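To start, the structure under review is shown below, and the notes come after it.
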Amino acid sequence: MNVGFLEQVLAGFNAVITIEAFLFIIAGTVFGIVIGAIPGFTSSMGVVILLPVTFYISPLNALVFLCAIYVSAIYGGLLTAILLNTPGLPESSATTFDGYPMTQMGKASEAIGIGIGASLIGGLFSYLVLLFAMAPVASIALKFGPTEMFLIAIMGITIIASLRGESLVKGLLAGMFGLLIGTIGIAPTAEWRATFGIISLADGIPIVPPIIGLFAMSELFFLAEREFVVPGQKPERRSLSRIIAGMCEPWRHPVNLIRSSCIGTIIGALPAAGATIAAFTSYNEAKRFSRTPEKFGTGCADGIIASEVANNASTGGALLTTLIIGVPGSTTTAIILGAMVMHGLQPGPQLINTQSVLVYGLIMSLFLSQVVMVIAAVAAGYSISGVLSLPNRILVPVVSIFCIVGSFAIRNTVFDIYLMFTFGLIGWLMRKTGFPPVAMVLGVVLGPIADAELTRSFMRFGDDFYFYFFTRPISLALCIVIIIGLVGPIFYSYFQRTRKR
(Lines give C-alpha, C1' and ligand atoms only; values in the text may rest on other atoms or scores of the structure.)
Protein backbone atom coordinates (compact mmCIF):
# COMPACT_ATOMS: atom_id res chain seq x y z
CA MET A 1 0.00 0.00 0.00
CA ASN A 2 1.75 3.17 -1.19
CA VAL A 3 1.62 6.65 0.27
CA GLY A 4 -0.11 8.07 -2.81
CA PHE A 5 -3.03 5.69 -2.37
CA LEU A 6 -3.48 6.65 1.29
CA GLU A 7 -3.34 10.33 0.43
CA GLN A 8 -6.04 9.89 -2.22
CA VAL A 9 -8.27 7.97 0.19
CA LEU A 10 -7.85 10.60 2.91
CA ALA A 11 -8.55 13.38 0.42
CA GLY A 12 -11.75 11.61 -0.61
CA PHE A 13 -12.74 11.09 3.01
CA ASN A 14 -12.23 14.79 3.77
CA ALA A 15 -14.41 15.67 0.79
CA VAL A 16 -17.44 13.86 2.22
CA ILE A 17 -16.98 14.89 5.86
CA THR A 18 -19.14 17.94 5.37
CA ILE A 19 -22.59 18.81 6.68
CA GLU A 20 -23.92 19.09 3.13
CA ALA A 21 -22.65 15.66 2.04
CA PHE A 22 -23.85 14.03 5.25
CA LEU A 23 -27.35 15.47 4.78
CA PHE A 24 -27.46 14.00 1.28
CA ILE A 25 -26.38 10.62 2.70
CA ILE A 26 -29.19 10.73 5.28
CA ALA A 27 -31.81 11.89 2.78
CA GLY A 28 -30.82 9.30 0.19
CA THR A 29 -30.74 6.51 2.76
CA VAL A 30 -34.18 7.24 4.20
CA PHE A 31 -35.74 7.65 0.76
CA GLY A 32 -34.07 4.45 -0.46
CA ILE A 33 -35.38 2.37 2.45
CA VAL A 34 -38.91 3.67 1.88
CA ILE A 35 -38.73 2.93 -1.85
CA GLY A 36 -37.29 -0.53 -1.21
CA ALA A 37 -40.06 -1.44 1.22
CA ILE A 38 -42.86 -0.71 -1.27
CA PRO A 39 -43.55 -3.76 -3.49
CA GLY A 40 -43.01 -2.95 -7.16
CA PHE A 41 -40.90 0.14 -6.59
CA THR A 42 -37.28 -0.51 -7.53
CA SER A 43 -34.03 1.21 -6.66
CA SER A 44 -33.77 2.40 -10.27
CA MET A 45 -37.16 4.10 -9.94
CA GLY A 46 -36.01 5.86 -6.78
CA VAL A 47 -32.84 7.08 -8.48
CA VAL A 48 -34.75 8.25 -11.56
CA ILE A 49 -37.35 10.11 -9.50
CA LEU A 50 -34.73 12.22 -7.72
CA LEU A 51 -32.24 12.47 -10.58
CA PRO A 52 -33.45 16.00 -11.52
CA VAL A 53 -32.58 17.17 -8.00
CA THR A 54 -28.91 16.47 -8.69
CA PHE A 55 -28.78 18.92 -11.62
CA TYR A 56 -28.17 21.78 -9.20
CA ILE A 57 -25.58 20.28 -6.83
CA SER A 58 -21.92 19.33 -7.11
CA PRO A 59 -20.96 16.08 -8.91
CA LEU A 60 -19.70 14.49 -5.68
CA ASN A 61 -22.84 15.28 -3.68
CA ALA A 62 -24.98 14.16 -6.62
CA LEU A 63 -23.30 10.75 -6.77
CA VAL A 64 -23.30 10.42 -2.98
CA PHE A 65 -27.05 11.08 -2.94
CA LEU A 66 -27.92 8.70 -5.80
CA CYS A 67 -25.68 5.90 -4.52
CA ALA A 68 -27.20 6.21 -1.03
CA ILE A 69 -30.63 5.62 -2.58
CA TYR A 70 -29.28 2.68 -4.57
CA VAL A 71 -27.63 0.77 -1.74
CA SER A 72 -30.27 1.50 0.92
CA ALA A 73 -33.20 0.36 -1.22
CA ILE A 74 -32.07 -3.26 -0.79
CA TYR A 75 -32.25 -2.76 2.99
CA GLY A 76 -35.87 -1.69 2.63
CA GLY A 77 -36.69 -4.67 0.45
CA LEU A 78 -35.86 -7.17 3.18
CA LEU A 79 -38.43 -5.71 5.61
CA THR A 80 -41.57 -6.58 3.66
CA ALA A 81 -39.96 -9.78 2.34
CA ILE A 82 -39.61 -11.03 5.91
CA LEU A 83 -42.82 -9.65 7.40
CA LEU A 84 -45.31 -10.18 4.58
CA ASN A 85 -43.63 -12.59 2.13
CA THR A 86 -43.72 -9.61 -0.24
CA PRO A 87 -40.25 -8.69 -1.52
CA GLY A 88 -40.08 -4.92 -1.87
CA LEU A 89 -37.44 -5.46 -4.57
CA PRO A 90 -36.74 -8.44 -6.85
CA GLU A 91 -33.33 -8.59 -5.14
CA SER A 92 -35.06 -9.60 -1.89
CA SER A 93 -37.01 -12.52 -3.37
CA ALA A 94 -34.65 -15.17 -1.95
CA THR A 95 -34.99 -13.60 1.51
CA THR A 96 -38.64 -14.68 1.63
CA PHE A 97 -37.67 -18.37 1.64
CA ASP A 98 -36.57 -18.35 5.28
CA GLY A 99 -37.49 -14.85 6.43
CA TYR A 100 -41.24 -15.30 6.19
CA PRO A 101 -41.23 -18.77 7.82
CA MET A 102 -39.45 -17.17 10.79
CA THR A 103 -42.22 -14.58 10.93
CA GLN A 104 -44.80 -17.37 10.96
CA MET A 105 -42.93 -18.92 13.89
CA GLY A 106 -43.18 -15.65 15.83
CA LYS A 107 -39.56 -14.62 15.22
CA ALA A 108 -40.09 -11.59 12.98
CA SER A 109 -37.89 -9.24 15.02
CA GLU A 110 -35.04 -11.74 15.08
CA ALA A 111 -35.33 -12.32 11.31
CA ILE A 112 -35.21 -8.58 10.63
CA GLY A 113 -32.11 -8.28 12.81
CA ILE A 114 -30.41 -11.13 10.95
CA GLY A 115 -31.24 -9.46 7.63
CA ILE A 116 -29.90 -6.08 8.75
CA GLY A 117 -26.70 -7.57 10.15
CA ALA A 118 -26.11 -9.63 7.00
CA SER A 119 -26.79 -6.63 4.78
CA LEU A 120 -24.26 -4.55 6.71
CA ILE A 121 -21.54 -7.19 6.37
CA GLY A 122 -22.20 -7.77 2.67
CA GLY A 123 -22.12 -4.06 1.91
CA LEU A 124 -18.93 -3.39 3.87
CA PHE A 125 -17.16 -6.34 2.23
CA SER A 126 -17.99 -5.21 -1.29
CA TYR A 127 -16.91 -1.63 -0.58
CA LEU A 128 -13.57 -2.88 0.71
CA VAL A 129 -13.18 -4.79 -2.55
CA LEU A 130 -14.19 -1.67 -4.43
CA LEU A 131 -11.53 0.27 -2.55
CA PHE A 132 -8.59 -2.15 -2.79
CA ALA A 133 -9.20 -4.35 -5.82
CA MET A 134 -10.77 -2.15 -8.45
CA ALA A 135 -8.28 -2.81 -11.24
CA PRO A 136 -7.90 -6.63 -10.93
CA VAL A 137 -11.62 -7.39 -10.64
CA ALA A 138 -12.47 -5.00 -13.45
CA SER A 139 -9.96 -6.68 -15.77
CA ILE A 140 -11.60 -10.06 -15.14
CA ALA A 141 -15.08 -8.69 -15.85
CA LEU A 142 -13.84 -7.33 -19.18
CA LYS A 143 -13.12 -10.89 -20.33
CA PHE A 144 -16.77 -11.93 -20.05
CA GLY A 145 -18.31 -12.14 -23.51
CA PRO A 146 -21.76 -13.35 -24.63
CA THR A 147 -20.85 -17.03 -24.17
CA GLU A 148 -19.83 -16.44 -20.57
CA MET A 149 -22.95 -14.39 -19.85
CA PHE A 150 -25.14 -17.12 -21.37
CA LEU A 151 -23.47 -19.70 -19.15
CA ILE A 152 -23.93 -17.44 -16.11
CA ALA A 153 -27.67 -17.43 -16.84
CA ILE A 154 -27.70 -21.21 -17.34
CA MET A 155 -25.80 -21.61 -14.08
CA GLY A 156 -28.56 -19.65 -12.38
CA ILE A 157 -31.18 -21.88 -13.96
CA THR A 158 -29.49 -24.98 -12.54
CA ILE A 159 -30.31 -23.54 -9.13
CA ILE A 160 -33.88 -24.64 -9.85
CA ALA A 161 -32.79 -28.19 -9.06
CA SER A 162 -32.09 -27.23 -5.45
CA LEU A 163 -35.17 -25.00 -5.12
CA ARG A 164 -37.51 -27.80 -6.15
CA GLY A 165 -39.48 -27.98 -2.92
CA GLU A 166 -41.21 -31.35 -2.60
CA SER A 167 -40.26 -32.79 -5.99
CA LEU A 168 -37.38 -32.41 -8.44
CA VAL A 169 -39.77 -32.93 -11.36
CA LYS A 170 -42.16 -30.25 -10.10
CA GLY A 171 -39.28 -27.83 -9.58
CA LEU A 172 -37.93 -28.36 -13.09
CA LEU A 173 -41.42 -28.08 -14.62
CA ALA A 174 -42.02 -24.80 -12.78
CA GLY A 175 -38.63 -23.51 -13.90
CA MET A 176 -39.23 -24.51 -17.52
CA PHE A 177 -42.60 -22.76 -17.45
CA GLY A 178 -40.87 -19.64 -16.16
CA LEU A 179 -38.30 -19.87 -18.97
CA LEU A 180 -41.09 -20.05 -21.55
CA ILE A 181 -42.75 -16.98 -20.03
CA GLY A 182 -39.41 -15.19 -20.08
CA THR A 183 -39.14 -15.63 -23.86
CA ILE A 184 -42.46 -13.89 -24.59
CA GLY A 185 -42.09 -10.69 -26.62
CA ILE A 186 -39.90 -9.55 -29.47
CA ALA A 187 -36.93 -11.89 -29.90
CA PRO A 188 -33.37 -10.57 -30.30
CA THR A 189 -33.82 -11.45 -33.99
CA ALA A 190 -36.84 -9.07 -34.19
CA GLU A 191 -39.45 -11.85 -34.37
CA TRP A 192 -42.65 -11.65 -32.30
CA ARG A 193 -43.08 -14.63 -29.99
CA ALA A 194 -46.22 -15.69 -28.10
CA THR A 195 -47.64 -12.17 -27.88
CA PHE A 196 -51.06 -13.17 -29.33
CA GLY A 197 -51.27 -9.75 -30.93
CA ILE A 198 -51.16 -7.96 -27.55
CA ILE A 199 -48.98 -4.85 -27.90
CA SER A 200 -48.31 -4.74 -24.14
CA LEU A 201 -46.44 -8.05 -24.47
CA ALA A 202 -44.09 -6.79 -27.19
CA ASP A 203 -41.41 -5.92 -24.62
CA GLY A 204 -41.94 -9.22 -22.84
CA ILE A 205 -43.29 -9.94 -19.38
CA PRO A 206 -41.90 -7.31 -16.97
CA ILE A 207 -40.32 -8.92 -13.93
CA VAL A 208 -42.24 -7.00 -11.24
CA PRO A 209 -45.83 -8.27 -11.85
CA PRO A 210 -44.79 -11.96 -11.74
CA ILE A 211 -42.77 -11.43 -8.56
CA ILE A 212 -45.54 -9.50 -6.81
CA GLY A 213 -48.16 -11.97 -8.02
CA LEU A 214 -46.31 -15.21 -7.27
CA PHE A 215 -44.99 -14.10 -3.88
CA ALA A 216 -47.24 -11.38 -2.50
CA MET A 217 -50.69 -11.83 -4.04
CA SER A 218 -50.63 -15.61 -3.69
CA GLU A 219 -49.72 -15.16 -0.02
CA LEU A 220 -52.59 -12.69 0.43
CA PHE A 221 -54.96 -15.38 -0.84
CA PHE A 222 -53.70 -17.63 1.95
CA LEU A 223 -53.80 -14.85 4.57
CA ALA A 224 -57.45 -14.24 3.73
CA GLU A 225 -58.16 -17.74 5.08
CA ARG A 226 -56.98 -16.96 8.64
CA GLU A 227 -57.17 -14.16 11.21
CA PHE A 228 -53.50 -13.25 11.73
CA VAL A 229 -50.22 -13.64 9.81
CA VAL A 230 -49.01 -16.11 12.44
CA PRO A 231 -51.49 -19.01 12.15
CA GLY A 232 -53.61 -19.76 15.17
CA GLN A 233 -52.22 -17.06 17.46
CA LYS A 234 -51.57 -13.39 17.82
CA PRO A 235 -47.98 -12.68 16.72
CA GLU A 236 -45.11 -11.66 18.96
CA ARG A 237 -44.80 -8.11 20.17
CA ARG A 238 -42.19 -6.10 18.33
CA SER A 239 -38.90 -6.17 20.20
CA LEU A 240 -35.90 -3.90 19.72
CA SER A 241 -33.71 -6.21 21.80
CA ARG A 242 -34.50 -9.17 19.52
CA ILE A 243 -33.65 -7.12 16.43
CA ILE A 244 -30.27 -6.20 17.92
CA ALA A 245 -29.67 -9.81 19.03
CA GLY A 246 -30.49 -10.96 15.50
CA MET A 247 -27.90 -8.56 14.08
CA CYS A 248 -25.21 -10.52 15.94
CA GLU A 249 -26.33 -13.87 14.50
CA PRO A 250 -24.53 -13.59 11.11
CA TRP A 251 -21.15 -13.48 12.86
CA ARG A 252 -21.78 -17.06 14.02
CA HIS A 253 -21.75 -18.21 10.38
CA PRO A 254 -18.32 -17.02 9.13
CA VAL A 255 -18.04 -19.48 6.23
CA ASN A 256 -21.44 -18.48 4.88
CA LEU A 257 -20.52 -14.80 5.27
CA ILE A 258 -17.28 -15.10 3.31
CA ARG A 259 -18.75 -17.31 0.58
CA SER A 260 -21.85 -15.15 0.09
CA SER A 261 -19.83 -11.92 0.12
CA CYS A 262 -17.52 -13.23 -2.60
CA ILE A 263 -20.42 -14.52 -4.71
CA GLY A 264 -22.32 -11.25 -4.42
CA THR A 265 -19.34 -9.03 -5.24
CA ILE A 266 -18.19 -11.10 -8.23
CA ILE A 267 -21.65 -11.54 -9.77
CA GLY A 268 -22.42 -7.87 -9.11
CA ALA A 269 -19.37 -6.93 -11.18
CA LEU A 270 -20.71 -8.85 -14.19
CA PRO A 271 -22.71 -6.64 -16.56
CA ALA A 272 -26.45 -7.45 -16.53
CA ALA A 273 -26.08 -10.20 -13.89
CA GLY A 274 -27.41 -8.20 -10.94
CA ALA A 275 -28.26 -8.66 -7.29
CA THR A 276 -31.18 -11.03 -7.91
CA ILE A 277 -28.96 -13.66 -9.54
CA ALA A 278 -26.35 -13.09 -6.82
CA ALA A 279 -28.91 -13.72 -4.07
CA PHE A 280 -30.30 -16.89 -5.66
CA THR A 281 -26.83 -18.24 -6.40
CA SER A 282 -25.61 -17.53 -2.88
CA TYR A 283 -28.71 -19.14 -1.36
CA ASN A 284 -28.19 -22.21 -3.51
CA GLU A 285 -24.53 -22.55 -2.51
CA ALA A 286 -25.32 -22.06 1.18
CA LYS A 287 -27.89 -24.84 0.98
CA ARG A 288 -25.57 -27.09 -1.02
CA PHE A 289 -22.71 -26.84 1.49
CA SER A 290 -24.88 -26.89 4.61
CA ARG A 291 -24.80 -29.87 6.95
CA THR A 292 -28.57 -29.47 7.38
CA PRO A 293 -29.93 -28.49 3.93
CA GLU A 294 -33.38 -29.76 4.89
CA LYS A 295 -33.76 -26.76 7.23
CA PHE A 296 -33.57 -24.27 4.36
CA GLY A 297 -37.02 -22.91 3.56
CA THR A 298 -38.30 -23.54 7.07
CA GLY A 299 -36.89 -20.47 8.84
CA CYS A 300 -33.14 -21.03 8.66
CA ALA A 301 -30.85 -18.13 9.59
CA ASP A 302 -28.29 -19.27 7.01
CA GLY A 303 -30.83 -18.72 4.24
CA ILE A 304 -31.45 -15.09 5.20
CA ILE A 305 -27.73 -14.48 5.65
CA ALA A 306 -26.82 -15.92 2.25
CA SER A 307 -29.44 -13.89 0.41
CA GLU A 308 -28.91 -10.55 2.15
CA VAL A 309 -25.12 -10.70 2.21
CA ALA A 310 -25.00 -11.43 -1.52
CA ASN A 311 -27.55 -8.90 -2.74
CA ASN A 312 -25.90 -6.12 -0.74
CA ALA A 313 -22.40 -7.20 -1.75
CA SER A 314 -23.45 -6.98 -5.39
CA THR A 315 -23.80 -3.18 -5.11
CA GLY A 316 -20.06 -2.72 -4.66
CA GLY A 317 -19.33 -5.03 -7.58
CA ALA A 318 -21.81 -3.21 -9.82
CA LEU A 319 -20.32 0.18 -8.94
CA LEU A 320 -16.85 -1.20 -9.62
CA THR A 321 -17.54 -1.92 -13.28
CA THR A 322 -19.50 1.31 -13.62
CA LEU A 323 -16.68 3.52 -12.36
CA ILE A 324 -13.63 1.72 -13.73
CA ILE A 325 -14.87 0.26 -17.02
CA GLY A 326 -17.86 2.46 -17.79
CA VAL A 327 -20.05 -0.64 -18.11
CA PRO A 328 -22.97 -0.63 -15.63
CA GLY A 329 -23.41 -3.80 -13.61
CA SER A 330 -27.14 -3.18 -13.09
CA THR A 331 -30.05 -1.04 -14.25
CA THR A 332 -29.60 1.40 -11.38
CA THR A 333 -25.88 1.84 -12.00
CA ALA A 334 -26.72 2.52 -15.65
CA ILE A 335 -28.76 5.50 -14.45
CA ILE A 336 -25.92 6.55 -12.15
CA LEU A 337 -23.60 6.27 -15.15
CA GLY A 338 -25.87 8.68 -17.02
CA ALA A 339 -25.76 11.06 -14.06
CA MET A 340 -21.96 11.00 -14.18
CA VAL A 341 -21.94 11.89 -17.87
CA MET A 342 -24.52 14.59 -17.19
CA HIS A 343 -22.08 16.16 -14.71
CA GLY A 344 -19.24 16.08 -17.23
CA LEU A 345 -17.50 12.98 -15.85
CA GLN A 346 -16.12 10.27 -18.13
CA PRO A 347 -16.35 6.80 -16.54
CA GLY A 348 -13.50 4.49 -17.43
CA PRO A 349 -9.96 3.48 -16.45
CA GLN A 350 -8.77 7.10 -16.41
CA LEU A 351 -11.43 8.27 -13.96
CA ILE A 352 -9.37 7.11 -10.99
CA ASN A 353 -6.48 9.28 -12.20
CA THR A 354 -8.38 12.40 -13.24
CA GLN A 355 -11.03 12.40 -10.47
CA SER A 356 -9.41 10.51 -7.60
CA VAL A 357 -10.97 12.74 -4.92
CA LEU A 358 -14.45 12.16 -6.33
CA VAL A 359 -13.98 8.39 -6.72
CA TYR A 360 -12.56 7.82 -3.25
CA GLY A 361 -14.97 10.33 -1.75
CA LEU A 362 -17.86 8.33 -3.21
CA ILE A 363 -16.45 5.08 -1.82
CA MET A 364 -15.99 6.65 1.63
CA SER A 365 -19.59 7.86 1.51
CA LEU A 366 -20.72 4.27 0.98
CA PHE A 367 -19.08 3.28 4.27
CA LEU A 368 -20.74 6.21 6.02
CA SER A 369 -24.11 5.34 4.50
CA GLN A 370 -23.89 1.86 6.06
CA VAL A 371 -23.86 3.43 9.52
CA VAL A 372 -26.89 5.59 8.70
CA MET A 373 -28.65 2.63 7.08
CA VAL A 374 -28.28 0.38 10.12
CA ILE A 375 -29.83 3.02 12.38
CA ALA A 376 -32.63 3.76 9.91
CA ALA A 377 -33.28 0.08 9.15
CA VAL A 378 -33.50 -0.86 12.85
CA ALA A 379 -35.97 1.98 13.42
CA ALA A 380 -37.97 1.03 10.32
CA GLY A 381 -37.93 -2.67 11.23
CA TYR A 382 -39.15 -1.94 14.75
CA SER A 383 -41.94 0.30 13.44
CA ILE A 384 -43.05 -1.84 10.51
CA SER A 385 -43.07 -5.08 12.53
CA GLY A 386 -46.11 -3.64 14.29
CA VAL A 387 -48.21 -4.43 11.22
CA LEU A 388 -48.17 -8.10 12.26
CA SER A 389 -50.48 -7.23 15.15
CA LEU A 390 -53.11 -6.10 12.65
CA PRO A 391 -55.80 -8.64 11.77
CA ASN A 392 -55.69 -9.92 8.20
CA ARG A 393 -59.04 -8.33 7.37
CA ILE A 394 -57.18 -4.99 7.55
CA LEU A 395 -53.75 -6.12 6.40
CA VAL A 396 -54.84 -7.92 3.22
CA PRO A 397 -56.68 -4.95 1.61
CA VAL A 398 -53.88 -2.51 2.49
CA VAL A 399 -51.10 -4.73 1.10
CA SER A 400 -53.25 -5.43 -1.97
CA ILE A 401 -53.33 -1.71 -2.72
CA PHE A 402 -49.52 -1.56 -2.57
CA CYS A 403 -49.32 -4.57 -4.87
CA ILE A 404 -51.62 -2.92 -7.38
CA VAL A 405 -49.76 0.40 -7.23
CA GLY A 406 -46.39 -1.35 -7.50
CA SER A 407 -47.47 -3.35 -10.55
CA PHE A 408 -48.89 -0.26 -12.25
CA ALA A 409 -45.92 2.01 -11.48
CA ILE A 410 -43.35 0.24 -13.68
CA ARG A 411 -44.99 0.89 -17.07
CA ASN A 412 -48.07 2.89 -16.05
CA THR A 413 -50.42 0.38 -17.66
CA VAL A 414 -53.43 -1.44 -16.24
CA PHE A 415 -52.37 -4.52 -18.18
CA ASP A 416 -49.60 -5.12 -15.64
CA ILE A 417 -52.19 -5.19 -12.85
CA TYR A 418 -54.03 -7.95 -14.72
CA LEU A 419 -50.71 -9.77 -15.09
CA MET A 420 -50.06 -9.47 -11.37
CA PHE A 421 -53.45 -10.95 -10.43
CA THR A 422 -53.00 -13.72 -13.01
CA PHE A 423 -49.63 -14.68 -11.57
CA GLY A 424 -51.11 -14.41 -8.08
CA LEU A 425 -53.71 -17.02 -8.98
CA ILE A 426 -51.03 -19.19 -10.63
CA GLY A 427 -48.84 -18.90 -7.53
CA TRP A 428 -51.74 -19.84 -5.26
CA LEU A 429 -52.50 -22.94 -7.36
CA MET A 430 -48.79 -23.86 -7.52
CA ARG A 431 -48.42 -23.73 -3.75
CA LYS A 432 -51.61 -25.73 -3.29
CA THR A 433 -50.27 -28.47 -5.58
CA GLY A 434 -46.66 -28.50 -4.37
CA PHE A 435 -45.01 -26.62 -7.26
CA PRO A 436 -42.40 -24.07 -6.04
CA PRO A 437 -43.22 -20.55 -7.32
CA VAL A 438 -39.60 -19.49 -6.79
CA ALA A 439 -38.44 -21.84 -9.55
CA MET A 440 -40.86 -20.16 -11.93
CA VAL A 441 -39.65 -16.69 -10.89
CA LEU A 442 -36.05 -17.71 -11.50
CA GLY A 443 -36.98 -18.90 -14.98
CA VAL A 444 -38.74 -15.61 -15.75
CA VAL A 445 -35.72 -13.59 -14.55
CA LEU A 446 -33.03 -15.59 -16.34
CA GLY A 447 -34.91 -16.56 -19.49
CA PRO A 448 -34.50 -13.23 -21.34
CA ILE A 449 -30.82 -13.01 -20.32
CA ALA A 450 -30.03 -16.51 -21.61
CA ASP A 451 -32.02 -15.87 -24.79
CA ALA A 452 -30.27 -12.60 -25.62
CA GLU A 453 -26.76 -13.81 -24.83
CA LEU A 454 -27.20 -17.04 -26.81
CA THR A 455 -28.27 -14.99 -29.82
CA ARG A 456 -25.25 -12.72 -29.43
CA SER A 457 -22.98 -15.76 -29.21
CA PHE A 458 -24.42 -17.12 -32.44
CA MET A 459 -24.08 -13.75 -34.21
CA ARG A 460 -20.49 -13.33 -33.02
CA PHE A 461 -19.10 -16.83 -33.55
CA GLY A 462 -21.44 -18.30 -36.19
CA ASP A 463 -22.61 -21.90 -36.40
CA ASP A 464 -19.66 -23.13 -34.34
CA PHE A 465 -20.45 -20.90 -31.37
CA TYR A 466 -20.92 -23.92 -29.08
CA PHE A 467 -17.24 -24.77 -29.67
CA TYR A 468 -16.25 -21.66 -27.71
CA PHE A 469 -18.07 -22.92 -24.60
CA PHE A 470 -15.28 -25.45 -24.09
CA THR A 471 -12.23 -23.63 -25.47
CA ARG A 472 -12.40 -20.34 -23.55
CA PRO A 473 -11.05 -20.83 -19.99
CA ILE A 474 -13.81 -18.93 -18.19
CA SER A 475 -16.52 -20.64 -20.27
CA LEU A 476 -15.04 -24.05 -19.55
CA ALA A 477 -14.94 -23.33 -15.81
CA LEU A 478 -18.59 -22.24 -15.90
CA CYS A 479 -19.55 -25.41 -17.81
CA ILE A 480 -17.93 -27.51 -15.09
CA VAL A 481 -19.83 -25.60 -12.40
CA ILE A 482 -23.11 -26.12 -14.29
CA ILE A 483 -22.52 -29.87 -14.61
CA ILE A 484 -21.75 -30.08 -10.90
CA GLY A 485 -24.90 -28.07 -10.16
CA LEU A 486 -27.04 -30.49 -12.17
CA VAL A 487 -25.48 -33.75 -11.06
CA GLY A 488 -24.62 -32.75 -7.49
CA PRO A 489 -28.18 -32.71 -6.05
CA ILE A 490 -28.91 -36.13 -7.59
CA PHE A 491 -25.83 -37.73 -6.04
CA TYR A 492 -26.46 -35.92 -2.77
CA SER A 493 -30.02 -37.31 -2.58
CA TYR A 494 -28.73 -40.78 -3.41
CA PHE A 495 -26.09 -40.71 -0.67
CA GLN A 496 -28.63 -39.34 1.81
CA ARG A 497 -30.99 -42.24 1.10
CA THR A 498 -28.11 -44.71 1.32
CA ARG A 499 -27.01 -43.29 4.67
CA LYS A 500 -30.53 -43.59 6.11
CA ARG A 501 -30.66 -47.25 5.11
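The values are calculated or read from the model by the stated rules, or taken from the named source; none is laboratory data. Just so you know, these numbers come straight off a predicted model, no measurement behind them. Neighbour counts run over all protein chains shown; Cβ positions are idealised from the backbone, glycine included.
What number of residues in region 353-376 are among the β-branched types (V, I, T), surrounded by fewer than 17 Cβ atoms within 10 Å (Cβ to Cβ) and under 28 Å from the mean Cα position of the chain (by Cα)?
Counting residues in region 353-376 that are among the β-branched types (V, I, T), surrounded by fewer than 17 Cβ atoms within 10 Å (Cβ to Cβ) and under 28 Å from the mean Cα position of the chain (by Cα) gives 2.
Of all residues in region 174-199, how many are part of a helix (DSSP H, G or I) and crowded, with 17+ Cβ neighbours inside 10 Å?
7
Please tell me if S457 is farther than 30 Å from A81 by Cβ and surrounded by 20 or more Cβ atoms within 10 Å (Cβ to Cβ).
Criteria met by S457.
May I ask you to list pairs of residues, at least six apart or on different chains, whose Cβ atoms are under 8 Å apart, with the first in region 109-134 being more than 24 Å from I82 (Cα to Cα) and the second being part of a helix (DSSP H, G or I) and among the β-branched types (V, I, T)?
Y127/I363; V129/V137; V129/T265; L130/I363; L131/V9; L131/I363; M134/I324; M134/I352
Need the failing condition index for A216 against (1) more than 15 Å from L419 (Cα to Cα); (2) modelled with pLDDT under 80; (3) part of a helix (DSSP H, G or I), just the number.
So the condition that A216 fails would be (1).
Is region 262-271 home to any residue that is under 13 Å from S93 (Cα atoms) and surrounded by 24 or more Cβ atoms within 10 Å (Cβ to Cβ)?
Checked against the condition, which is being under 13 Å from S93 (Cα atoms) and surrounded by 24 or more Cβ atoms within 10 Å (Cβ to Cβ), region 262-271 yields no hits at all.
For the structure I just gave you, tell me whether A68 is small (G, A, S), under 20 Å from the mean Cα position of the chain (by Cα) and at pLDDT 90 or above.
Spelling it out, A68 is indeed small (G, A, S), under 20 Å from the mean Cα position of the chain (by Cα) and at pLDDT 90 or above.
Do you know which residues across region 12-65 are in a loop (DSSP other than H, G, I, E, B), within 21 Å of T322 (Cα to Cα) and either basic (K, R) or at pLDDT below 80 (or both)?
T42 - this is the single residue of region 12-65 that is in a loop (DSSP other than H, G, I, E, B), within 21 Å of T322 (Cα to Cα) and either basic (K, R) or at pLDDT below 80 (or both).
Conditions (1) at pLDDT 85 or above; (2) out of contact with any Asp or Glu (no Cβ under 7 Å at 6 or more places or on another chain); (3) of a type in the set (G, A, S), marked per residue:
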site: W251; (1), (2), (3): yes, yes, no
site: I266; (1), (2), (3): yes, yes, no
site: A275; (1), (2), (3): no, no, yes
site: N284; (1), (2), (3): yes, yes, no
site: P293; (1), (2), (3): no, yes, no
site: C300; (1), (2), (3): yes, no, no
site: E308; (1), (2), (3): yes, yes, no
site: A313; (1), (2), (3): yes, yes, yes
site: T322; (1), (2), (3): no, yes, no
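For region 85-106, which positions are buried (at least 24 other Cβ atoms within 10 Å of the Cβ), modelled with pLDDT of 85 or more and touching a Gly at 6+ places or on another chain (Cβ under 8 Å)?
Of everything in region 85-106, those that are buried (at least 24 other Cβ atoms within 10 Å of the Cβ), modelled with pLDDT of 85 or more and touching a Gly at 6+ places or on another chain (Cβ under 8 Å) turn out to be A94, T95, F97, D98, G99, M102.
For region 460-477, enumerate the residues that are out of contact with any Ser or Thr (no Cβ under 9 Å at 6 or more places or on another chain) and of a type in the set (A, V, I, L, M, F, W, C).
Within region 460-477, F467, F470, L476, A477 qualify.
What are the residues in region 463-481 that are under 22 Å from T183 (Cα atoms) and free of Cβ contacts under 8 Å to residues at least 24 places away in the same chain, if any?
Those that are under 22 Å from T183 (Cα atoms) and free of Cβ contacts under 8 Å to residues at least 24 places away in the same chain: D463, Y466.
Looking at (1) modelled with pLDDT of 80 or more; (2) within 22 Å of the chain's Cα centre (by Cα); (3) over 29 Å from I212 (Cα atoms), which one does V481 not meet, given that it meets all the others?
(1)
Is there a residue in region 449-469 that is acidic (D, E), within 30 Å of S218 (Cβ to Cβ) and at pLDDT 75 or above?
Within region 449-469, one or more residues are acidic (D, E), within 30 Å of S218 (Cβ to Cβ) and at pLDDT 75 or above.
Would you call V444 more than 18 Å from L270 (Cβ to Cβ) and buried (at least 17 other Cβ atoms within 10 Å of the Cβ)?
Spelling it out, V444 is indeed more than 18 Å from L270 (Cβ to Cβ) and buried (at least 17 other Cβ atoms within 10 Å of the Cβ).
Looking at (1) over 30 Å from M430 (Cα atoms); (2) crowded, with 22+ Cβ neighbours inside 10 Å; (3) modelled with pLDDT under 85, which is the only condition S241 fails?
(2)
Residues of region 87-129 being within 16 Å of S282 (Cα to Cα) and touching a Ser or Thr at 6+ places or on another chain (Cβ under 6 Å), which ones?
P90, E91, A94, T95, G122, F125, S126
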